[in-house]
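Notes follow once the structure below has been shown.
The values are calculated or read from the model by the stated rules, or taken from the named source; none is laboratory data. Just so it is clear, the model here is predicted, and its values are computed rather than measured. Glycine gets a Cβ as well: all are built from the backbone with ideal geometry, and neighbour counts include every protein chain shown. Please note that ligands, DNA and RNA were not included when accessible areas were found on the heavy atoms of the full protein model with its side chains. Shrake-Rupley method; radii C 1.70, N 1.55, O 1.52, S 1.80 Å.
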Amino acid sequence: MRSDAAQNRQALVDAALTLFNERGLAPTLDDVARAAGVGVGTAYRHFSDKTELAFAALESSLESMLQAAEAAALVPDGWAGLAEFFEATVEPQATQQVLRDILATDPESAPMLEVHRRIGDSLNTLLAKAKKQGSIRDDVVVSDLAVLATLLGEVVRLFGPVAPDVWRRFLPLLLDGLRPGATTALPVGPLTKEDFVAGMAAQARATDARRPGPKRRSAKQPAS
């Protein structure tokens, strides 16, 4: 990549991070281009749509979160590791809420497939360890844990702007429901992986449809 092109790309990433942290994913790729001081065509040469740009802008935050989740999976005590996993994945969303927004985008996009793979690997390791140690109820499956993480993310989305730490109140309530012992039998079966992805995809489409402004462009725009 030529030096001027690299500078333009970095300007777009920096501007996007500022705008997205201020306004969530509402700004368009055109808005970011204006803030970066580059032409709209230049923006579309580097990024096919706003979501691709958002992943580039949040790459460092996402990677830090995923590494923390993978570190939690290495904790010898499965229950302690599970608690650390939820802390590691929810706290970044509370401190940088646009991170939560990007995690709610199309789960079938290439970046999100990789996020789900790494998160799923960590949860599988933690669940197997906790079950072997007898610290979690036998009927819990990985998709249950993924849904609980999603619920905590929703707490962040709904109440984070006024009470950024309130998710911590609900974490022990959720964790206590995972403990073995005097529990209520689960009346229906768990979500399959396909069900989970389909549900997240439907929510992402509904959210995108409600956002003002132009939607994704199928082709890159000409240079300006």
**Message:** Helix 3-23 against the longest principal axis of the chain: what's the angle in degrees, Cα atoms only, rounded to the nearest 10?
**Reply:** 50
**Message:** I need the peptides 24-30, 169-175 ranked by packing, meaning the mean over residues of other C-beta atoms within 10 angstrom, with the highest value on top.
**Reply:** 24-30, 169-175
**Request:** Pick out, from Thr28, Thr207, Ile119, the residue whose Cα sits farthest towards the positive end of the charge dipole of the chain, with +1 on the Cβ of Lys and Arg and -1 on the Cβ of Asp and Glu.
**Result:** Thr28
**Asked** So, in the chain, how many Lys pairs have Cα atoms under 30 Å apart, if the pair is 8 or more places apart or on different chains?
**Response** 7
**Asked** If you line up the long axis of helix 193-210 against the longest principal axis of the chain, both from Cα atoms, how many degrees apart are they, to the nearest 10?
**Response** 40
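Ignoring ligands, DNA and RNA, please state the percent of accessible area on the chain from carbon and sulfur, probe 1.4 Å. Please report the intermediate quantities before stating the final value.
Details: 6610 of 11770 Å².
C and S atoms contribute 56 percent here.
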**Complete:** Computed about the Cα centre, the charge dipole of region 63-143 from +1 Lys/Arg and -1 Asp/Glu charges at the Cβ has a magnitude in debye, to the nearest 20, of 280
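Can you give the translational diffusion coefficient of region 71-142 in µm²/s, computed by Stokes-Einstein from the Kirkwood radius over Cα pairs at 37 °C and 0.692 mPa s? Intermediate values should be presented prior to the final figure.
Working: Rh = 13.1 Å.
It diffuses with D of about 250 µm²/s by this estimate.
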**Request:** Enter the accessible area per residue of the chain (Å², integer; probe 1.4 Å; all protein chains in place).
**Result:** 53
**Request:** State to the nearest 20 debye the size of the charge dipole of the chain about its Cα centre, where the only charges are +1 on K and R beta carbons and -1 on D and E beta carbons.
**Result:** 500
